[in-house]
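Worksheet: the structure to be examined is printed underneath.
The values are calculated or read from the model by the stated rules, or taken from the named source; none is laboratory data. Quick caveat, the model's predicted, so the values are computed rather than measured. Every residue, glycine as well, gets a Cβ built from its backbone with ideal geometry; the counts of neighbours run over all protein chains shown.
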Amino acid sequence: MSVNIQKIGVIGAGQMGSGIAHVCAQHGFDVFMLDMTDDALASGMSRIEKGMGRLVSREKMSADEMTTAMARIATGTDYASFGDCDMIIEAASEDEDVKKAILKLLCPVIKDEAIVASNTSSISITRLGASTDRPGKFLGMHFMNPVPRMELVELIRGIATDEDTYSAVRELAAKLGKRSVNAEDFPAFIVNRILLPMINEAVYTLYEGVGSVDSIDTAMKLGTNHPMGPLELADFIGLDTCLAVMHVLHDGLADTKYRPCPLLVKYVEAGWLGRKTGRGFYDYSTDTPVPTR
């Protein structure tokens, strides 16, 4: 049975959740965004407002369209509010236990026909789906960061995902102005399977003293035409997320080439997680980020 997706729920008002809510509202869908606190929701809404404001200033959206889109987003902390959603996208932190706990709270309050997707960047969709009451209506929908600007969505079927579910979500991705690629349910899928070992290798290059933060990032930007150096990108993603993905790769594929660099582990232990904490491979306390090594 095909699903007509009109109202979308989003779990998590952080960088990814608010970005997904922004894109859904911008493309005409009603959205309910949930987080644990009103403060988290307020900061998510202000991020959306800023993002849409930028589109207005670039004349990619009118002020009226922005007002209409903002009005499509409702927020709250109660899972029962997902009751009338046709699809719910989970965008909580990259931690399997956290995601499973959320799915346990979600499934009893949503419609039988509702589709559930996870925005996980690395965790097994089959395992997450098996922890729900609807593995056939569960799949991975991995948006890239920042969601409003990045065109790609990775779609990942679990072993039990129905074809109808997959088709409905592929159609939704197109309506959101995204291009989707199919990725098989292996640790970290396509993008992070390739990207995170590169970032981890850049951290090893720093750790072993081959180059400084500045020389590594400059070399990769000028030598491979990447818009951001790998260490700058790691700070942008969040060093905790980078480490979590490396652990998933290392545990899931049992290959030493995926061993997280000890320096990456140290930075995460120190709470230096990148831009979101003001310090990572760069210090963000001044207008121009300064390398920390």
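Couple of notes before you dig in:
- Residues in the range 6-36 that are more than 18 Å from MET52 (Cβ to Cβ), surrounded by fewer than 23 Cβ atoms within 10 Å (Cβ to Cβ) and among the small types (Gly, Ala, Ser): none.
- Among the residues of the range 99-110, at least one is surrounded by 14 or more Cβ atoms within 10 Å (Cβ to Cβ) and either in contact with a Gly (Cβ under 8 Å, 6 or more places away or on another chain) or not assigned by TED's automatic domain parsing to the domain that holds SER43 (or both).
- The set of residues in the range 189-217 being surrounded by 14 or more Cβ atoms within 10 Å (Cβ to Cβ) and of a type in the set (Val, Ile, Thr) consists of ILE190, VAL191, ILE199, VAL203, THR205, VAL213, ILE216.
This table checks each residue for (1) buried (at least 21 other Cβ atoms within 10 Å of the Cβ); (2) part of a strand (DSSP E or B); (3) of a type in the set (D, E, K, R).
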site: SER122; (1), (2), (3): yes, no, no
site: ILE156; (1), (2), (3): yes, yes, no
site: ALA160; (1), (2), (3): no, no, no
site: SER167; (1), (2), (3): no, no, no
site: LEU172; (1), (2), (3): yes, no, no
site: ASN182; (1), (2), (3): no, yes, no
site: PRO187; (1), (2), (3): no, no, no
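- Each residue in the range 126-142 was checked for being within 12 Å of GLU90 (Cβ to Cβ) and not in a loop (DSSP other than H, G, I, E, B), and 7 of them qualify.
- Check on LYS276, at pLDDT below 95 and either within 28 Å of VAL153 (Cβ to Cβ) or not assigned by TED's automatic domain parsing to the domain that holds ARG149 (or both): yes
Residues checked against (1) farther than 27 Å from GLY140 by Cα; (2) within 21 Å of the chain's Cα centre (by Cα); (3) touching a residue at least 12 places away in the same chain (Cβ under 8 Å); (4) assigned by TED's automatic domain parsing to the domain that holds ALA92:
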| site | (1), (2), (3), (4) |
| --- | --- |
| ARG54 | yes, yes, no, yes |
| ARG58 | yes, no, no, yes |
| MET61 | yes, no, yes, yes |
| THR68 | yes, no, no, yes |
| ALA74 | no, yes, yes, yes |
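- Filtered by the rule that a residue be on the phi < 0 side of the Ramachandran plot and touching a residue at least 24 places away in the same chain (Cβ under 8 Å), the range 180-194 gives SER180, VAL181, ASN182, ALA183, GLU184, ASP185, PHE186, PRO187, ILE190, VAL191, ASN192, ARG193.
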